Amino acid sequence: MNSIRLALAAGAALAVAGAAQAQDFQPKQAGTIMLNVRVTDVAPDAGDPITTLAGAPTGLKADVGDSIMPTIGLSYFVTDNVAVEIIAGTTKHTVRAQGAGVDVKVKETWVLPPTLSVQYHFAPSAKVSPYVGAGVNYMLFYADKDHNGFGLDIDNGFGLALQAGADVAIQGPWSANVDVKKIFFETDAKDPYNGVKSKVNLDPWVVSAGVGYKF
């Protein structure tokens, strides 16, 4: 599923680039500021068991749904090859409790997951310029709404992020971008009213495609 998302995102980015004429383009270089506006699919990889507060199994597992939203990334090139990027956006997710014959909506919550990464760009002067990166992420849950008698609390916290992507120059300062991140984030979710809890490994794939502009 994730490879399909990546293929679709890469195809969209390359199609945008291919539609433009191959004219002069602005390379990446030290001092460049680059703004990427993307459409992003955040796909959590949750499926952890739900237990009682004492740790006894309930036969249920936690499921967290995908969300597709616009995001922005702002990069500053410290050198021609090294950049620092801050990514911002917010997504809405549905938390469900699932088991044999059971599928219950527990909570809807918004997540603000800013991510700061350091990137290495392999070919900053080339029309197709791939990069990799690593950094830190913070998950902030807000504006949540409980359902079906649940009162779930989800802890905020830090995670680690790995990143890979490519910029495809179009013309002048414009480029197309495809970007994939894997975020490693574990949180505690607890419902003291119903006496259940779960240690949830969200570990979302964050797959994006969009357009960039260099300043």
- Message: Could you check segment 96-122 and list, in sequence order, the residues that are surrounded by 16 or more Cβ atoms within 10 Å (Cβ to Cβ) and not in a strand (DSSP E or B)?
- Response: PRO113
- On the given criteria, is PRO113 within 18 Å of ASN201 (Cα to Cα) and free of Cβ contacts under 8 Å to residues at least 12 places away in the same chain? no
- Query: From LEU162, LEU202, which residue is out of contact with any Ser or Thr (no Cβ under 6 Å at 6 or more places or on another chain) and either surrounded by 20 or more Cβ atoms within 10 Å (Cβ to Cβ) or over 23 Å from ASP48 (Cβ atoms) (or both)?
  - Reply: LEU202
- Message: Out of SER129, SER125, I need the residue that is touching a Pro at 6+ places or on another chain (Cβ under 9 Å) and not in a strand (DSSP E or B). Which one?
- Response: SER125
- Query: GLY47 fails exactly one of the following numbered conditions: (1) modelled with pLDDT of 95 or more; (2) not in a strand (DSSP E or B). What is the number of that condition?
  - Reply: (1)
- Query: What pairs can you find where one residue is in segment 195-210 and within 15 Å of LYS61 (Cα to Cα), the other is of a type in the set (Gly, Ala, Ser), and their Cβ atoms are less than 7 Å apart, with a gap of 6+ or different chains?
  - Reply: LYS197/ALA189; SER198/ALA62; SER198/ALA189; VAL200/ALA46; VAL200/ALA62; VAL200/ALA189; ASN201/ALA46; LEU202/ALA46
- Query: Which residues, taken from segment 170-194, are under 17 Å from MET34 (Cβ atoms) and in contact with a Lys or Arg (Cβ under 6 Å, 6 or more places away or on another chain)?
  - Reply: PRO173
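Conditions (1) surrounded by fewer than 15 Cβ atoms within 10 Å (Cβ to Cβ); (2) under 20 Å from ASN81 (Cβ atoms); (3) among the aliphatic types (A, V, I, L, M), marked per residue:
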position	(1), (2), (3)
ASP155	yes, no, no
ASP167	no, yes, no
SER175	no, yes, no
VAL178	no, yes, yes
ILE183	no, no, yes
ALA189	no, no, yes
TYR193	yes, no, no
GLY210	no, no, no
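The values are calculated or read from the model by the stated rules, or taken from the named source; none is laboratory data. No experiment lies behind these values; they were computed from the predicted model shown. Positions of Cβ are backbone-derived with ideal geometry, glycine not excepted, and every protein chain shown enters the neighbour counts.
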